[in-house]
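**Student:** Dropping the structure in here first, questions after.
We did not get these values from a lab; they are worked out from the coordinates using the rules stated. Just so it is clear, the model here is predicted, and its values are computed rather than measured. Reconstructed Cβ throughout: ideal geometry from the backbone, glycine too, with neighbour counts over all protein chains shown.
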Amino acid sequence: MVNSIAQQVVAAVAGGAVVLTANKRLFRYLRTVYDRSMAEKGVLVWPGARIFPYATWLQQGLDSLGESRRLLGTYQQHHLWENCISATTRGSALELMNLDRTTDTAVRAHNLLSEYDLTTEFCDLTADQHMFCAWRSQYLRICEEYRWLDEGGLSIRVLDAFAQRQLPLPQKILLVGFDQLPPGIIRLKALMNERGFPCNELDMSQAPEGRVVRFAAADEDDETQRMARWVRLLLEQGVESIGVVVPDLQRRRAQIERALRQQIDPLAAVRFDETSLFGLSLGSPLAQQGVIAAALACLDIQPQMTMDRISYLLRTPFVSGSQQEADRRALFDRRLRSFQQQQFSLPALLRLAKGFGGLGVFEGLLSGLMNIHQQAVTAEEWADLFAAELKSSGWPQGVPLSSVSYQAVSAWYDKVLTRFAAVDPTAKVFERSRAVRIVRRIATETEFQPQRASGPVQVVGLLESSGLHFDHLWVMGLDAATLPAYPRPNPFIPFRLQDEMQMPHAGFSRELEFAGQVVSRLRCAAGNIVFSYPRRSGDTDLSPSPLIEDIERVDALPLAECADLPYRMQTMGAELEPWQDDQGPSLSSHQSSGGTRLLQDQAHCPFRAFVHHRLAVRRFDQAAAGLSPLVRGNLLHLVLQEVWQRWGSQHHYLHLTAAQVQEDINSAVDKALAAGLGAEPECHQQLCLLEKQRLVRLVSEWLENIESRREPFTVVQIEQNLQAKIGPLELTLTVDRVDEVVGGERIIIDYKTGSAMNIADFLTEPLIEPQLPSYAVVGDEKKDRVQGIVVALVKAGQCRLKGITSDDDLLAKVRSVAALPKARELGISDWTTLVDFWHRQLDQLATDFAAGVAAVKPFDPLRSCRYCDLPGLCRIGDIDQEGINE
């Protein structure tokens with residue numbers, strides 16, 4: 001049913017009036033109403049209604065003057081302002097400011113001054129405002145030189161043409177949906193009155209007020225869910241026009257869309273007709289569409305590419321070879337992450353891809369990216385180059401495009417590249433980095449709203465709701481902090497001038513008056529209206545807007561039953577059968593990879609061992625700045641290995657001069673770096689130099705403070721691999737080092753570069769530190785001579801030995817097994833019983849693993865789960881919560 005406001009607009013159009021609307025949404029709504037009224041009257045053909053958005057009507061006036069080429073587009077104006085600001089601030093501290101945001105603020109300030117026809121010549125200005133005036137003077141000189149016109153001066157030029165009779169003035173004008181008249185409209189009304197022509201403003205509050213109630217929700221999520229269920233109830237009742245108004249729709253868009261889909265359109269995710277029961281007036285940024293994000297990633301190529309960018313290129317489906325090479329690309333992604341580097345150069349990346357194999361199409365993509373154009377050219381040339389580069393990379397033919405993706409690609413060419421090609425009216429050249437930044441900005445600021453059939457529910461922002469009428473309306477988020485909004489005066493215009501002219505967002509009185517007009521209008525926008533607000537936001541209590549405090553409060557609203565999938569699963573009638581699956585299949589082969597790490601995982605948590613070593617599932621390696629701790633630890637192992645292979649014994653070391661020791665250490669470090677970093681894709685020369693200095697200092701400290709002060713020893717084994725049978729498993733173990741002391745006893749040493757482990761961990765049930773005990777248990781034929789296990793903590797400023805020996809005199813500062821309180825608690829009195837204890841524990845761990853024991857049972861949640869990569873898979877948090885509830 002057409003409401004009274006729409007009827008007045010139809011009558012005005014029929015009477016020959018020009019109708020000017022505040023926004024495009026209201027324009028489309030009124031045009032639809034007018035066309036429907038003509039069809040209902042039986043008219044077969046009728047002229048188009050003279051209904052226009054105000055900004056469009058001004059542009060049509062400029063077209064009639066033959067001056068449309070003078071008008072700068074939004075991005076052209078931004079580009080010129082950016083040039084002026086950059087030229088002024090180059091080389092100063094101001095060059096560090098955010099150029100995009102500063103330019104946006106300056107452009108808004110200029111447009112306001114132009115639209116209000118104001119000057120700051122006689123105002124007291126701050127330093128920032130003086131700087132803005134200098135930028136503006138330079139910008140105006142450029143516009144005057146080229147006779148350009150921008151958005152701020154558009155209304156003045158067109159109204160001057162009406163005043164000078166260069167354009168015929170409409171004899172009737174009706175203004176619809178303006179909560180506050182802009183300066184151009186005020187001048188237009190004065191000119192119409194001067195000529196004796198009517199220019200009326202439609203009073204949106206003259207319609208009868210609907211039934212209005214106020215509702216307080218617990219928080220934003222509760223408010224959104226209740227709104228969605230309220231909408232669903234109305235749809236089930238057959239209501240044809242439902243409105244939802246959200247003051248901060250941009251921030252809450254995703255939350256509201258998700259709630260509406262869950263409650264009223266749960267099948268949208270699996271339906272292929274691209275229709276929806278609701279429509280949101282605010283689209284999402286075009287740059288957030290997957291196919292456009294892929295285009296931007298292909299264009300924004302740097303000599304050094306981050307791991308995140310490389311991973312995205314490997315995973316995106318919108319480039320050539322994404323389907324046929326999907327598996328190889330996924331494996332290559334994992335391979336790159338294993339290097340734990342943050343960046344790779346394109347040549348190194350191409351070399352690694354060729355060595356990996358099976359990535360022919362991706363290699364071609366990388367080769368094309370290495371040859372991209374880098375020289376400065378004009379925006380128009382950049383647009384052609386970007387289109388050609390994307391085509392050569394196979395974008396967007398990686399997969400068949402959906403309707404939404406196809407529309408996004410069309411918008412890319414029609415809106416992004418076309419606007420970018422004309423972004424610089426001076427046709428000057430600029431670098432690729434700036435070209436890509438401008439394209440990304442245009443794509444981010446281009447609102448993308450897929451064309452699809454929408455149902456009776458419309459979600460709009462506060463300003464876009466002007467002039468719209470619904471059968472039922474819910475206005476959300478009306479807390480005191482949101483309405484009236486806090487003032488946001490432009491910092492480049494004197495605040496007193498903004499307040500005097502009542503510019504948008506100038507002061508509290510302006511915002512309060514504007515908010516009051518909006519609320520009065522919304523109270524007449526439907527027959528049934530709900531005003532709501534959240535009572536809390538995080539830890540903050542909220543109160544209702546003072547503009548709705550007089551409205552009747554209700555504690556409950558008619559709502560439909562929850563329809564989202566989680567609720568349906570929780571309330572389904574079928575009884576669920578509990579099933580606890582802690583047992584995996586037994587090993588078919590006794591050989592397994594993982595070494596003692598397998599046993600350590602089994603001790604900490606059987607589920608972790610099963611996932612890591614039976615399913616071969618692990619978290620991706622994380623990129624780190626510089627060399628990763630793992631690489632640095634391996635380098636230290638290589639240096640100490642090389643040193644003791646040269647010297648063989650403490651005796652040889654102690655008889656070397658200081659110069660000889662340093663020479664040998666430097667040589668060992670050089671050899672270790674060559675061997676250890678040979679597998680790295682690339683390593684910066686300065687980084688290698690810093691690592692060499694670190695290793696030389698660290699090894700020198702270790703030798704001087706620890707090795708030189710020990711009792712005499714000989715190094716008999718270094719980095720020896722052992723094939724060990726532990727229980728039913730056959731594992732490969734690598735012993736860092738075995739020393740033989742004067743009495744013939746042997747001590748197993750394992751280097752550590754992190755925090756030292758607790759010796760008590762060698763005496764736990766299950767054995768959570770099985771590495772050194774396994775070496776002592778399964779050594780060579782002389783294993784009975786092993787009388788100690790030692791952790792060598794090689795860490796700057798913290799070098800020390802820590803472990804367990806058979807006798808106190810075997811190794812200084814390392815206690816014997818008999819001196820350990822934990823050993824006495826377990827009834828372990830000597831080295832033989834300790835080895836037997838380790839043997840039983842290791843056998844049990846190996847037997848459990850081979851049998852498929854896979855229970856989620858951490859040894860100590862604080863320690864075992866802290867650095868585990870599987871909490872999302874084992875859901876240990878849910879298990880703990882169930883235990884608390886029980």
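**Student:** Once you list every other residue whose beta carbon is under 10 Å from the beta carbon of GLY477, what net charge do they have if Lys and Arg are +1 and Asp and Glu are -1? Let's see the in-between values first.
**Tutor:** Working: positive: ARG251, ARG252; negative: GLU220, GLU223, ASP248, ASP479.
Neighbourhood net charge equals -2.
**Student:** Oh, and also: Can you tell me the alpha carbon radius of gyration of region 426-489 divided by the globular rule-of-thumb value 2.2 N^0.38 Å? Numbers along the way, then the final one.
**Tutor:** On the way: Rg = 19.5 Å, N = 64, 2.2 N^0.38 = 10.7 Å.
Relative to the 2.2 N^0.38 Å estimate, region 426-489 comes out at 1.83.
**Student:** With a point put 7 Å past each Cα toward its Cβ, work out how far ALA422 is from VAL716 in nm, to one decimal.
**Tutor:** 8.6
**Student:** Find the Cα radius of gyration of region 645-747, compare it with 2.2 N^0.38 Å by division, and give the number to two decimals. Mind showing how you got there, number by number?
**Tutor:** Working: Rg = 17.0 Å, N = 103, 2.2 N^0.38 = 12.8 Å.
Dividing the Cα radius of gyration by 2.2 N^0.38 Å gives 1.33.
**Student:** Near LYS24, which lysines are there with a Cα under 24 Å away, not counting those fewer than 8 places off in the same chain?
**Tutor:** List returned: LYS172, LYS189, LYS415.
**Student:** Compute the FRET efficiency between VAL213 and ARG697 as 1/(1 + (r/R0)^6), taking r as their Cβ-Cβ distance and R0 = 60 Å, and round to the nearest 0.05. Walk me through the numbers on the way to the answer.
**Tutor:** Values: r = 74 Å, r/R0 = 1.24.
The pair VAL213/ARG697 has a calculated efficiency of 0.20.
**Student:** Within region 223-264, find all residues whose amide N lies under 13 Å from a label point positioned 7 Å from the Cα of ARG535 along Cα-to-beta-carbon.
**Tutor:** The answer is 223, whose backbone nitrogens lie closer than 13 Å to the label point.
**Student:** Let me ask you something else. What's log10 of I(q)/I(0) for region 595-856 at q = 0.07, 0.10, 0.14 Å⁻¹, Debye sum over Cα points only, no solvent?
**Tutor:** -0.27, -0.55, -1.06
**Student:** Within region 406-494, which chymotrypsin sites (Phe, Trp or Tyr not before Pro) sit in a loop by DSSP and count at most 16 neighbouring Cβ atoms inside 10 Å?
**Tutor:** Answer by residue number: there is no such site.
**Student:** Taking the DSSP beta bridges in region 595-856 as the whole, what percent of them are antiparallel, to the nearest 5? Display every interim value, and only then the final one.
**Tutor:** On the way: 23 of 31 bridges.
So the antiparallel bridges in region 595-856 amount to around 75 percent.
**Student:** If you count the DSSP beta bridges with both ends in the chain, what percent of them are antiparallel, to the nearest 5?
**Tutor:** Rounded to the nearest five, the antiparallel share is 40 percent.
**Student:** Would you mind classifying region 72-148 by shape? Square roots of the alpha carbon gyration tensor eigenvalues, ordered a ≥ b ≥ c; an a/c under 1.5 is rounded, otherwise it is prolate if a/b is larger than b/c and oblate if not.
**Tutor:** oblate
**Student:** Remind me, relative contact order of region 435-535 in percent, using alpha carbon pairs under 8 angstrom and six or more residues apart? Walk me through the intermediate numbers first.
**Tutor:** Values: 81 pairs, mean separation 37.6, N = 101.
Reported relative contact order: 37 percent.
**Student:** Can you pull out the trypsin sites (Lys or Arg not before Pro) in region 1-104 whose DSSP state is coil and whose Cβ has at most 11 other Cβ atoms within 10 Å? Walk me through the numbers on the way to the answer.
**Tutor:** Working: sites: LYS24, ARG25, ARG28, ARG31, ARG36, LYS41, ARG50, ARG69, ARG70, ARG90, ARG101; in loops: LYS41, ARG50, ARG90.
Here the trypsin sites (Lys or Arg not before Pro) that fit, given the DSSP loop and packing criteria, are LYS41, ARG90.
**Student:** Nearest 0.05, what FRET efficiency do TRP46 and VAL239 give at R0 = 35 Å with Cβ-Cβ as r? Show your work: numbers first, answer last.
**Tutor:** Values: r = 30 Å, r/R0 = 0.85.
Computed FRET efficiency for TRP46 and VAL239 comes out at 0.70.
**Student:** For the chain, what is the mean residue ellipticity at 222 nm derived from helices alone (per DSSP H run of n ≥ 4: -39500 (n - 2.57); sum divided by total residues; nearest 500 deg cm²/dmol)?
**Tutor:** Details: 34 runs with 403 residues, N = 886.
Helices in the chain give a 222 nm mean residue ellipticity of -14000 deg cm²/dmol.
**Student:** For THR734, list long-range residues whose amide hydrogen, built 1.01 Å from N in the peptide plane, is under 5 Å from its own amide hydrogen.
**Tutor:** The answer is LEU722.
**Student:** Now, a different point. What is the Cα coordinate range of region 302-371 on the first, second and third principal axes, sorted by size from largest, in whole angstrom?
**Tutor:** Principal extents (largest minus smallest coordinate, Cα): 27, 27, 22 Å.
**Student:** Shifting gears a bit: For region 703-791, report the translational diffusion coefficient in µm²/s to the nearest whole number, using Stokes-Einstein at 4 °C, 1.567 mPa s, and a Kirkwood Rh over Cα pairs. Mind dumping the intermediate values first?
**Tutor:** Values: Rh = 14.1 Å.
For the chosen part, D equals 92 µm²/s.
**Student:** Per the Kirkwood definition applied to all pairs of different Cα atoms, how many angstroms is the hydrodynamic radius of the chain? Each step should come with its number before you reach the end.
**Tutor:** On the way: mean 1/r = 0.0290 Å⁻¹.
Computed over the chain, the radius equals 34.4 Å.
**Student:** Run the numbers for LYS857 and GLU380: contour at 0.36 nm per residue of separation, minus the present Cα-Cα distance, in nm. Display every interim value, and only then the final one.
**Tutor:** Working: separation 477, 0.36 × 477 = 171.72 nm, distance 6.33 nm.
Between LYS857 and GLU380, full extension yields 165.4 nm more.
**Student:** Let me ask something else about it. Which angle between 0 and 90 degrees, to the nearest 10, do you get for helix 24-40 versus the longest principal axis of the chain when only C-alpha atoms count?
**Tutor:** 50
**Student:** Which angle from 0 to 90°, rounded to the nearest 10, does the C-alpha axis of helix 379-392 make with the longest principal axis of the chain?
**Tutor:** Helix 379-392 and the main axis of the chain meet at about 50 degrees.
**Student:** Computed FRET efficiency, Cβ-Cβ of MET370 and ALA87, R0 51 Å: what is it to the nearest 0.05?
**Tutor:** On the way: r = 33 Å, r/R0 = 0.65.
Using R0 = 51 Å, I get an efficiency of 0.95.
**Student:** Per residue of region 544-556, in order, report the coupling 6.51 cos²θ - 1.76 cosθ + 1.60 (Karplus, θ = phi - 60°) as ³J(HN,Hα) in whole Hz, putting x for Gly and Pro.
**Tutor:** x, 4, x, 7, 10, 5, 7, 7, 4, 9, 10, 9, 8
**Student:** Determine the gain in length on full extension of the stretch VAL399-TYR486; use 0.36 nm per residue of separation and subtract their C-alpha separation, reporting nm with one decimal. Let's see the in-between values first.
**Tutor:** On the way: separation 87, 0.36 × 87 = 31.32 nm, distance 4.71 nm.
So the chain would gain 26.6 nm between VAL399 and TYR486.
**Student:** Dividing the Cα convex hull volume of region 608-693 by residue count, how many Å³ per residue is that? Show your work: numbers first, answer last.
**Tutor:** Details: hull volume 11.7 nm³, N = 86.
Spelled out: Cα convex hull of region 608-693, divided by residues, is 136 Å³.
**Student:** Chymotrypsin sites (Phe, Trp or Tyr not before Pro), restricted to region 578-661: which are DSSP loop and have at most 12 other Cβ atoms within 10 Å? Show your work: numbers first, answer last.
**Tutor:** Numbers: sites: TRP579, PHE607, PHE610, PHE620, TRP644, TRP647, TYR653; in loops: TRP579, PHE620.
For chymotrypsin sites (Phe, Trp or Tyr not before Pro) across region 578-661 that sit outside H, G, I, E and B with at most 12 neighbouring Cβ atoms in 10 Å, the list reads TRP579.
**Student:** Quick check: residue separation of ASP808 and ARG36 times 0.36 nm, minus the Cα distance between them. What number comes out in nm?
**Tutor:** 267.9 nm
**Student:** Can you compute the modelled spin-label distance between THR832 and PHE356, with each label point 7 Å from Cα toward Cβ, in nm?
**Tutor:** Result for the modelled spin labels: 5.6 nm.
**Student:** What ³J(HN,Hα) values, in whole Hz, does the Karplus curve 6.51 cos²θ - 1.76 cosθ + 1.60 give for region 308-323 when θ = phi - 60°, with x put for Gly and Pro?
**Tutor:** 4, 5, 4, 4, 5, 4, 6, 9, 5, x, 9, 10, 4, x, 5, 8
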